[in-house]
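A short write-up of the structure that comes next.
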Amino acid sequence: MEMNFISPVVAAFTTLLVGFVWYHPKVFGAVWMKETGLTQEELQKGNMLKIFGLTFIFSIFIGMIMQSLTIHQMGALGMVGGPTITSIKPSFAAFMADYGMAFRTAKHGALHGFMTGLFFAFPMIAINGLFERKSWKYIFIHAGFWTVSLMIIGAIVCAWV
């Protein structure tokens, strides 16, 4: 089992798609703009190619690390020398034959994505928000976005075979 470089790229579109819906003015966008003090005019002034391009690249990074968090076999892979194996021991081949597909479902990936959102993304966003003197609305809007995005990313990269 080697690292999959296609699934993180496909999963990276998640942040753009979820963000389009999540931050839409009829969902959480109006509240988010009020909490940040931004207006629609100010948001349109940014370099959108740069913003969306870097968002996509950073989301690929997230998809790559989500493979390690959702696919338990990555731990076994790390114990025998990493993602590119030139010669593996028979015990590893037997392990992968028996357990190579264990917990490789979208449901399992979504569970790990939820846990990553709740126990990793939410605390980081909350800490930043507290120091920036942001409201709990602001914190929960962003934490909710990342939790949903991480659930979908986890589902994609874990189930992709």
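Worth pointing out:
- Cα centroid of the range 89-109 to Cα centroid of the range 8-43, whole Å: 37 Å
- The residues of the chain have, on average, 62 Å² of accessible surface per residue, using a 1.4 Å probe with all protein chains present.
- Loop exposure criterion: GluC sites (Glu not before Pro), DSSP state outside H, G, I, E and B, at most 14 other Cβ atoms within 10 Å. Applied to the chain, the longest stretch between such sites is 3-131.
- Computed from the C-beta positions of PHE103 and ILE65 and an R0 of 22 Å, the FRET efficiency is 0.80 to the nearest 0.05.
- Cα centre as origin, Lys/Arg/Asp/Glu Cβ charges: the chain dipole, Debye: 220 debye
- Relative contact order (percent, whole number), the chain, Cα cutoff 8 Å, 6+ residue spacing: 34 percent
- Carbon plus sulfur fraction of accessible area for the chain, probe 1.4 Å, in percent: 72 percent
- Label zone at MET124 (point 7 Å along Cα-to-Cβ), backbone N below 11 Å, the range 1-32: none
- The label-point distance for LEU54 and PHE114, in a model that sets each label 7 Å from Cα toward Cβ, rounds to 3.3 nm.
- Here the peptides 94-104, 53-63 are ranked by packing, the mean other Cβ count within 10 Å, and the order with the highest first is 53-63, 94-104.
- Solvent-accessible area of TRP160 with every protein chain in place, 1.4 Å probe, in Å² to the nearest 10: 90 Å²
- Helical segments meeting 27 Å axial Cα length and Kyte-Doolittle -1.0 threshold in the chain (DSSP H): 48-70, 136-159
The values are calculated or read from the model by the stated rules, or taken from the named source; none is laboratory data. Predicted model only: the values in this text are computed from it and were never measured. Virtual Cβ from ideal backbone geometry, glycine too; neighbours counted across all protein chains shown. Quick note on the areas: whole protein, heavy atoms, side chains included, nothing else; ligands and nucleic acids left out. Shrake-Rupley method; radii C 1.70, N 1.55, O 1.52, S 1.80 Å.
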